[in-house]
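After the C-alpha cells below, expect a handful of questions from me.
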Amino acid sequence: MNAIARTLERPAPRPPEWRALSEELRDLYDEIADLLDRDCIEALPGYFVEECLYQVISRENHDQGLPAATLYCDGIRMLRDRVLALRETQVYEPRYWRHFVSGARVLRVEDGVIHATANVMVTEAMSDCEPTILLVGRYNDRLVRRDGRLWFVERSVIYDNYRVVRSLIAPV
Amino acid sequence: MNAIARTLERPAPRPPEWRALSEELRDLYDEIADLLDRDCIEALPGYFVEECLYQVISRENHDQGLPAATLYCDGIRMLRDRVLALRETQVYEPRYWRHFVSGARVLRVEDGVIHATANVMVTEAMSDCEPTILLVGRYNDRLVRRDGRLWFVERSVIYDNYRVVRSLIAPV
Amino acid sequence: MNAIARTLERPAPRPPEWRALSEELRDLYDEIADLLDRDCIEALPGYFVEECLYQVISRENHDQGLPAATLYCDGIRMLRDRVLALRETQVYEPRYWRHFVSGARVLRVEDGVIHATANVMVTEAMSDCEPTILLVGRYNDRLVRRDGRLWFVERSVIYDNYRVVRSLIAPV
C-alpha cells in the first residue's frame, strides 16, 4: 500500500548520475517553495504536464488506500481552475506561509519517469500568535524530462497531521 | 514594494552557471548558521564589506516600506559595535538557538552583485520547556565576490512573526 | 569540552575537494533520515563500522562531559540489539516522526576520519494533536571511507531539549 517499501538493510549505492539529477531536483523544489511562499500560486500549474495528478492527502488515508484527499486535482485544467478559485475566494485573515524542504532525493527512475521525494514543513504566521507548524509531510512525486526541463506528472503532498489541517486553502 | 516580484508563470530556466554559485551560497549560509548556533556572533561581521547593511525586520514593516527594524546596522562598524554590546550585556537565561536554512538560491546577478535568498527557521530551547520556533522568515541578501570569496553587502532577515520577537537579542 | 571550538573570525576558505564530499554527506544524511521516517530502523546499523559509537545525548550533558546519554550504543552489536529490542517492545500509540536535516557539512578531515555535522529537527504527529517539534539538535559524526562508501565510526545526536525527550524510543 505504502508507495515506499520498507528497507531493512543499507540500500545499494546510488547511480552516480543521480547526483546531478538530485541537484536539479533540489533547485526545482526550492523554486516552487519560493513561489508558493510569495503567494504566486498561479505559477504552480506551469510545472505540470497536461495529464497530471496534484493532491494533498493525509498519511492515514494515503497508507490505507483511501481516496479522500483534502485537495485533489486530476489534470492540469482542474489544477488551474482550483488555483483560480482559491484566488477569487480569498477572504481569510492575512497569514504568511513558509516552506522548509529537506532531503529532496531521487527514489528510482523507471521508463523515463523519475520518482522523487522530499520532506516538507509549512509554517504559518498570523497576526495574533507566534509562527506555528501548519503541516508536516512529504512529497511523493513523479516527473518527466521534456525540452531539457523537469515536469510533474504527479505531486502528492502526504501530510502527517491527523486532524484536518486548519485553513488548508492553498497548494502546498 | 516587495523586493521579490510576484511571478504568475513558471520562470525561465536558470543560467547553468548558477548551479555552482548556488552550491557556494548554500555552503556559506550553512557556515554562518553553524557559527551563530555555536554562539560565535563575533565572527559575523567578518562576512561583510565595509559599506554594508545588516538588519532584522518584520515582514509587515518591510513590505510596507517602514524603516522600523528590530535590529539595524548601517556599516560594518555599527555591526561590530552591536555584536560586542550584545556579548557584554548577556545576562539572560541560558537558551540554545538553532538555525534551519532551506532553499538558499540565487535570484539574479546584476552588475556583479548577487541577489540571493533562503528561508530560515530559528528554534529556541530553554530550561523549562520544549524547543519552540523563535523566528521564521527569509534572508534577502546582496553579495559581491572579492579575492575569490563571497561577501555580504546586505543581509536583511525578514521575519514572518507579527509580534515583536521575544528575546531577539542576537543576530539571526 | 565542546567538540566544536568557538571561532571568532571568519574561517579560512574550505578546501575545494570538500565540495563533492559535502554533497555525498548530504545524500547520506538524507538517505538515513528517509529510512528512519519510514520506520526502517533495522537498516541503521548497516551504516556503521563494527567498532562504533551511537548515542543520543542532551546538549547539557554533552557539554559538561557527563556520560548520561538517553540512548547509548557502544559497538555495532549493541546497536543491533537495541534496534531489535525497540521493534519488539513497540506498544506505544501510533505516531509519525519526520526528520528535517539542515547544514550537513564537513568540519575537518584528520587521518582519514571525516568529522561532520548537521542540524536536525524531528517532528512528531500523533492522533490527537497538531504536529510538534519532538527534538532539535545536531549530529556530531565521524566517518571513514571503505570500498568507496562512507561509514559511521560515530554518530552522536546532541539535542537542545532540556527535559528528557518524551517518548524518545527510536533512533534519531
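The values are calculated or read from the model by the stated rules, or taken from the named source; none is laboratory data. Given the structure is predicted, the values throughout are model-derived calculations rather than measurements. Methodologically, a virtual Cβ is constructed for each residue, glycine included, from the backbone with ideal geometry; neighbour enumeration extends over all protein chains shown.
Per-residue answers, yes or no, for (1) more than 14 Å from chain A (Cβ to nearest Cβ); (2) touching a residue at least 60 places away in the same chain (Cβ under 8 Å); (3) of a type in the set (Gly, Ala, Ser); (4) not in a strand (DSSP E or B):
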site	(1), (2), (3), (4)
C:105	yes, yes, no, no
C:108	yes, no, no, no
C:114	yes, yes, no, no
C:118	no, yes, yes, no
C:124	no, no, no, no
C:138	yes, no, no, no
C:141	yes, no, no, no
C:145	no, no, no, no
C:153	yes, yes, no, no
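Sticking with this one: Being in contact (Cβ under 8 Å) with a residue 60 or more places away in the chain and of a type in the set (Lys, Arg) narrows it down to one of C:95, C:80, so name that one.
Going through C:95, C:80 in turn, just one is in contact (Cβ under 8 Å) with a residue 60 or more places away in the chain and of a type in the set (Lys, Arg): C:95.
Still on this structure, please answer the following. Looking for whichever is among the basic types (Lys, Arg), crowded, with 19+ Cβ neighbours inside 10 Å and either within 10 Å of another protein chain (Cβ to nearest Cβ) or more than 20 Å from residue A:137 (Cβ to Cβ) (or both) here; the options are A:19, A:10, A:77, A:59. Which one fits?
It is A:59.
Next question. Taking residue A:42, is it at pLDDT 95 or above, charged (D, E, K, R) and out of contact with any Cys (no Cβ under 7 Å at 6 or more places or on another chain)?
no
hydroxyl-bearing (Ser, Thr, Tyr), farther than 17 Å from residue B:101 by Cα and at pLDDT 95 or above - does that describe any residue in region A:1-9?
For region A:1-9, residues hydroxyl-bearing (Ser, Thr, Tyr), farther than 17 Å from residue B:101 by Cα and at pLDDT 95 or above: absent.
So which residues in region B:79-113 are out of contact with any helix residue (DSSP H, G or I) (no Cβ under 7 Å at 6 or more places or on another chain) and at pLDDT 90 or above?
Of everything in region B:79-113, those that are out of contact with any helix residue (DSSP H, G or I) (no Cβ under 7 Å at 6 or more places or on another chain) and at pLDDT 90 or above turn out to be B:81, B:82, B:100, B:102, B:107, B:108, B:109, B:110, B:111, B:112, B:113.
So which residues in region C:130-166 are under 16 Å from the mean Cα position of the chain (by Cα) and among the small types (Gly, Ala, Ser)?
Listed by number, the residues that qualify are C:137, C:156.
In contact with an Asp or Glu (Cβ under 9 Å, 6 or more places away or on another chain) and not in a loop (DSSP other than H, G, I, E, B): which single residue out of A:9, A:50, A:23 fits that description?
The conditions single out A:23.
Quick test for you: out of C:69, C:43, C:85, pick the one residue that is touching a Leu at 6+ places or on another chain (Cβ under 6 Å) and either assigned to a helix (DSSP H, G or I) or free of Cβ contacts under 8 Å to residues at least 24 places away in the same chain (or both).
Of C:69, C:43, C:85, the one residue that is touching a Leu at 6+ places or on another chain (Cβ under 6 Å) and either assigned to a helix (DSSP H, G or I) or free of Cβ contacts under 8 Å to residues at least 24 places away in the same chain (or both) is C:43.
Here's a check for you: in region B:124-158, which residue that is among the hydroxyl-bearing types (Ser, Thr, Tyr) and at pLDDT below 95 is surrounded by the most Cβ atoms within 10 Å (Cβ to Cβ)?
Top of the filtered list is B:132.
Do we have residue B:47 as within 14 Å of chain C (Cβ to nearest Cβ), closer than 30 Å to residue C:158 by Cα and at pLDDT 95 or above here?
Considered against the rule, which asks whether it is within 14 Å of chain C (Cβ to nearest Cβ), closer than 30 Å to residue C:158 by Cα and at pLDDT 95 or above, residue B:47 comes out as yes.
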